[in-house]
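A.B. asks: This is the structure, below, for whatever I ask next.
The values are calculated or read from the model by the stated rules, or taken from the named source; none is laboratory data. What you are looking at is a predicted structure, and each value in this text was computed from that prediction instead of being measured. Glycine also receives a Cβ, built like all others from the backbone with ideal geometry; neighbour counts cover every protein chain displayed. Protein only, heavy atoms only, side chains kept; ligands, DNA and RNA dropped before computing areas. Shrake-Rupley method; radii C 1.70, N 1.55, O 1.52, S 1.80 Å.
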Amino acid sequence: MASTKPLAPSSRPRAAQKARAARTARPDTSPAPDFAGVWEYAPAPEATDHLTIQPRYELFIGGQFVAPRSGKYFETINPANERVLAEVAEANEADVDAAVTAAERAYEKYWRRMPGRERGKYVYRIARMIQEKSRELAVLESMDGGKPIKESRDVDVPLAAAHFFYYAGWADKLEYALPGRQARAIGVCGQVIPWNFPLLMAAWKLAPALACGNVCVLKPAETTPLTALHLARLFQEADFPPGVVNVVTGAGATGAALVAHPKVRKVAFTGSTEVGKKIQRMAAGTGKRLTLELGGKAANIIFADAPIDQAVEGIVNGIYFNQGHVCCAGSRLLVEESVHDVVVRKLTHRIRTLRLGDPLDKNTDVGAINSRMQLDKIRELVDSGVQEGATLTQSSCKLPAKGYWFPPSFFTNVAQSFRIASEEIFGPVLAVQTFRTPDEAVEKANNTMYGLSAGVWTDKGSKIFKISQRLRAGVVWANTYNKFDPSSPFGGYKESGFGREGGRHGLAAYLEAV
Ligand code: NDP
């Protein structure tokens, strides 16, 4: 998809551009929808009585839940009301060592000897069990992370199951994974995941690793450990050989101990570019295999000939889905100048209709910010945007008194040099910029240190192909946004990392060619 060719500067004279803009400009006549007092939603909270959250969670090592050698526990809270949900074990170096040792033993004793056909059955069983426990997992995900239940129920959990289904199918077909070469498993994989899609990221990491015959030690994020621990229970119930999957909870130090462990032969990390660089330095010279899926600042490009109403829905999905805690979020909107005003007006109306509040309410569109730290980061970047001179538009929705909340927001009058146009905000905040020619759109879209994803909205199929081939982004969506499928590879260019997850490409990270 990427092109490294230098971009030709636009030679179109300004007068011709203006004439073209006048031809494509659309009168902005749509009335503002007004639902006030007419259209009220009654609360529709998802029940929680079918779910048991234990007061305390231990580490999952060697097929058992065991107390940490560190003797320490930390609290995980519900970001929507700041109530403590549970205490969770904090793994230190000795705990990580125990998990890696258990994994290595399981690799030698069971997993590497098991035929792919049998391994596939185990992986398939997990997919079925996730489906059976889907309600419990969705509610837990929303409580621990703050995301709306309709997202955890309709996106996170079904996609997690789909990844296990998909990779179960590969377990006995690995001779087709690296065409022309024989493939074999690597051994112990250390996998560190973030807080934005806790269960789904666990599935992205575990499913291909296990299908390829590897064993795993997974480190979930400190603020969202619960669904990974409930998933660990499923591995236990599914009768996985003890030690094939281990879960060590804790903070950054736990992740660092896992990455540094000499018996870990492959590291997979999803998270910030800053930590990704640290991990790359730690792994350098050790011979460990490494894949990094890091930050993003994706351009969502709207051409004047795009179906504007659908594009506005794509903008909303691109930046307000999961409160903007999405590495591939369409956080930079590049809109053709002639339709800027109409797009901004429709977007202003649309964000007024987004319902922010209780993540467990089935009507909720925008849930809670994942942590106090993340909320502070969003506020700091938004303040910088205002100070640098951009114009802020925010939904006037009421924010709950307790918990961490930020209203759906966007900036106009954004210069390329502003921090909000270049740094990952990881919140429900969009930076809107304009362009006049396709060349300018491509140049602006690629003017970022990241390269994870992008969106293109236009009526013309040929334009989609032409533009998407010039975008330096791992994934380019056309007339849609944030679509995921286990058979599709996902990953970045530049400082968004390297390696691919998903699809046949995702197998390469977990196999050695012999
Ligand atoms: P991190 O990159 O710090 O966290 C990702 C995972 O790495 C977590 O499990 C974390 O543990 C762990 N970790 C932290 N430090 C180390 C280390 N030195 N060695 C190994 N593992 C480590 O992201 P943050 O949660 O701190 O978020 C910071 C920013 O990163 C966000 O504001 C956002 O911009 C970006 N981000 C991007 C993501 C993406 O998918 N692109 C995902 C998450 C964040 P712990 O949770 O305990 O700190």
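A.B. asks: Express in whole angstrom the spacing between the alpha-carbon centres of the range 277-334 and the range 169-243.
C.D. replies: Between the Cα centre of the range 277-334 and that of the range 169-243, the gap is 23 Å.
A.B. asks: Still on this structure, please answer the following. Which residues make up the longest stretch of the chain that has no chymotrypsin sites (Phe, Trp or Tyr not before Pro) in a DSSP loop with at most 14 other Cβ atoms within 10 Å? Walk me through the numbers before you get to the answer.
C.D. replies: Numbers: sites that count: Phe35, Trp39, Tyr41.
Free of exposed loop sites, the longest segment is 42-514.
A.B. asks: Considering only protein heavy atoms, with the full assembly of protein chains and a 1.4 angstrom probe, order His505, His340, His261 by accessible area, largest first. Before the final figure, lay out the partial values.
C.D. replies: Details: His505 100, His340 40, His261 20 Å².
The residues order as His505, His340, His261, largest area first.
A.B. asks: Next question. Please give me, ordered by residue number, the trypsin sites (Lys or Arg not before Pro) of the range 322-415 that lie in loop per DSSP and have at most 13 other Cβ atoms within 10 Å.
C.D. replies: Working: sites: Arg332, Arg345, Lys346, Arg350, Arg352, Arg355, Lys362, Arg372, Lys377, Arg379, Lys398, Lys402; in loops: Arg355, Lys362, Lys398, Lys402.
Passing sites in the range 322-415 are Lys398, Lys402.
A.B. asks: Before anything else, pin down the relative contact order of the range 135-196: Cα pairs under 8 Å, at least 6 apart, normalised by residue count, whole percent. Provide the component values of the computation, followed by the final result.
C.D. replies: Numbers: 22 pairs, mean separation 15.0, N = 62.
Over the range 135-196, the number comes to 24 percent.
A.B. asks: From the cross-link list Lys205/Lys263; Lys377/Lys398; Lys277/Lys377; Lys173/Lys278; Lys346/Lys483; Lys72/Lys288, which pairs have alpha carbons spaced over 25 Å apart? All intermediate terms of the calculation are to be shown ahead of the outcome.
C.D. replies: Values: Lys205/Lys263 18 Å; Lys377/Lys398 21 Å; Lys277/Lys377 20 Å; Lys173/Lys278 35 Å; Lys346/Lys483 23 Å; Lys72/Lys288 30 Å.
Long pairs (Cα-Cα over 25 Å): Lys173/Lys278; Lys72/Lys288.
A.B. asks: Among 48-54, 94-100, how do they line up from the highest to the lowest mean number of other beta-carbon atoms within 10 Å? Before the final figure, lay out the partial values.
C.D. replies: Values: 48-54: 12.3, 94-100: 22.7.
Packing order, densest peptide first, comes out as 94-100, 48-54.
A.B. asks: Please report the antiparallel percentage of DSSP beta bridges with both residues in the chain, rounded to the nearest 5. Don't skip to the end; give the middle numbers.
C.D. replies: Values: 21 of 61 bridges.
Percent antiparallel among DSSP bridges in the chain is about 35.
A.B. asks: May I pose another question? Considering only protein heavy atoms, what is the solvent-accessible area of Lys444 at a probe of 1.4 Å, reported in Å² to the nearest 10?
C.D. replies: Spelled out: Lys444, probe radius 1.4 Å, area about 50 Å².
A.B. asks: For n ≥ 4 DSSP H runs only, could you compute -39500 (n - 2.57) per run for the chain, divide by its residues and tell me the 222 nm figure to the nearest 500?
C.D. replies: On the way: 16 runs with 184 residues, N = 514.
Value at 222 nm, helices only, nearest 500: -11000 deg cm²/dmol.
A.B. asks: Further question on the same structure: Nearest 5 is fine: what % of DSSP beta bridges in the range 37-118 come out antiparallel, could you say?
C.D. replies: Looking only at bridges with both residues in the range 37-118, the antiparallel portion is about 80 percent.
A.B. asks: State which stretch of the chain is the longest one without any exposed GluC sites (Glu not before Pro), exposure meaning a DSSP loop state and at most 14 other Cβ atoms within 10 Å. Present the calculation step by step, with values, prior to reporting the outcome.
C.D. replies: Details: sites that count: Glu40, Glu82.
Here the longest segment lacking exposed loop sites spans 83-514.
A.B. asks: What residue among Thr249, Phe303, Gly330 has its Cα farthest toward the positive end of the dipole of the range 205-343, where the charges are +1 on Lys, Arg and -1 on Asp, Glu, each on the Cβ?
C.D. replies: Thr249
A.B. asks: Sort out for me the Cα centre separation of the range 451-492 from the range 407-427, rounded to whole Å.
C.D. replies: 21
A.B. asks: Let me ask something else. Take every Cα pair under 8 Å in the range 88-157 that's 6+ residues apart, average their separations, divide by the length, and report that relative contact order as a whole percent. Don't skip to the end; give the middle numbers.
C.D. replies: Working: 21 pairs, mean separation 14.4, N = 70.
Worked out over the range 88-157, it gives 21 percent.
A.B. asks: Tell me, what % of the accessible area of the range 30-129 is carbon and sulfur with a 1.4 angstrom probe?
C.D. replies: On the way: 2810 of 5780 Å².
Carbon and sulfur atoms account for 49 percent of the accessible area of the range 30-129.
A.B. asks: Let me have the relative contact order for the chain, percent, based on Cα pairs under 8 Å that are six or more residues apart.
C.D. replies: Numbers: 1155 pairs, mean separation 97.3, N = 514.
The normalised contact order for the chain reaches 19 percent.
A.B. asks: Also, quick follow-up: Please give the per residue accessible area of the chain, computed with a probe of 1.4 Å over protein heavy atoms only, in Å².
C.D. replies: Working: 21040 Å² over 514 residues.
Per-residue value: 41 Å².
A.B. asks: Pull up the DSSP beta bridges for the range 259-413 and report the antiparallel fraction as a percent, rounded to 5. Could you put the intermediate results ahead of the total?
C.D. replies: Values: 4 of 14 bridges.
Given both bridge residues lie in the range 259-413, the antiparallel proportion sits at roughly 30 percent.
A.B. asks: Of the accessible area of the range 259-412, with the probe set at 1.4 angstrom, what percent is carbon plus sulfur? Before the final figure, lay out each step's value.
C.D. replies: Details: 2800 of 5550 Å².
With neighbouring chains kept in place, the figure for the range 259-412 is 51 percent.
A.B. asks: What is the range 298-394 by shape, rounded, prolate or oblate, if you read a ≥ b ≥ c off the alpha carbon gyration tensor as root eigenvalues and call it rounded for a/c under 1.5, prolate for a/b larger than b/c, and oblate otherwise?
C.D. replies: Working: a/c = 1.92, a/b = 1.31, b/c = 1.47.
Verdict is oblate for the range 298-394.
A.B. asks: Then there is this: List, in order, the whole-Hz ³J(HN,Hα) value for each residue of the range 320-335 obtained from phi through the Karplus relation with A = 6.51, B = -1.76, C = 1.60 and θ = phi - 60°; use x for Gly and Pro.
C.D. replies: 9, 4, 6, 6, x, 7, 9, 4, 9, 3, x, 8, 10, 9, 10, 10
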